[in-house]
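One structure is given below, encoded as structure tokens.
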Amino acid sequence: MPMLYHGTSRTFATAMAGTPATGGTIDVTLGRGEFGRGFYTQSSSGNAYRRGQSLHGSNHSAMLVLDIDDAAYHGLNFQRLTLNMAQMLDASLRNNHTQGTYTTNHDVIVGRLVGQAKIEQQKFQMVNAQTLLNGAQTQRTVE
């Protein structure tokens with residue numbers, strides 16, 4: 001099962017985690033970043049935790065941990081970027097001021113963090129991905 005991390009505020013993490021009965025409230029249409037509009041996770045728990053702290057302070061930050069069913073995750077439609085492709089996309093989106101609007105027809109874009117190339121990030125951007133993240137095939141916990 002892929003284990004992915006999202007650093008944010010405790011309030012947002014708790015809301016996104018939801019409950020087993022109701023599911024989560026992750027919305028792939030709200031975020032923005034190096035690959036455009038979407039919900040971002042990464043492979044590094046430490047880096048995600050630090051990101052939450054830098055944005056919300058140590059007293060209000062938290063990390064949403066997503067443990068996703070392997071078969072369901074790999075059943076999504078992926079676009080994989082090399083570091084060079086990620087850098088070029090990030091530069092283009094910054095130059096065109098489209099980080100909050102750019103999407104593709106893929107469920108997920110996977111590539112390296114432009115500023116920390118050893119860490120892989122995932123941008124979930126389509127309704128199929130959102131349904132998986134909020135449903136029973138994803139365990140959502142807050143740390």
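Nothing in this text is a laboratory measurement; each read-out follows from the coordinates by a stated rule. Note that the structure is predicted; figures quoted are calculated from it, not measured. With ideal geometry, Cβ positions are generated from the backbone for all residues, glycine too; neighbour counts draw on all protein chains shown.
Structure notes:
- Computed over all pairs of different Cα atoms, the Kirkwood value for the hydrodynamic radius of the range 95-135 is 11.7 Å.
- Paramagnetic label zone (point 7 Å from Cα along Cα-to-C-beta, Asn59; backbone N under 20 Å) in the range 11-48: 11-14
- Radius of gyration and Dmax over the Cα atoms of the range 52-93, both given in Å: 15.9, 37
- Taking the DSSP bridge list for the range 77-133 and keeping only pairs wholly inside it, about 60 percent are antiparallel.
- Point-charge dipole on Cβ atoms (K/R +1, D/E -1) for the range 38-143, about Cα centre, debye to 20: 360
- With both residues required to sit in the chain, DSSP beta bridges show an antiparallel share near 90%.
- Secondary-structure-derived ellipticity at 222 nm for the chain, considering helices only, amounts to -9500 deg cm²/dmol, per-run term -39500 (n - 2.57) for DSSP H runs with n ≥ 4.
- Globularity index of the range 3-143, i.e. its alpha-carbon radius of gyration over 2.2 N^0.38 Å: 0.99
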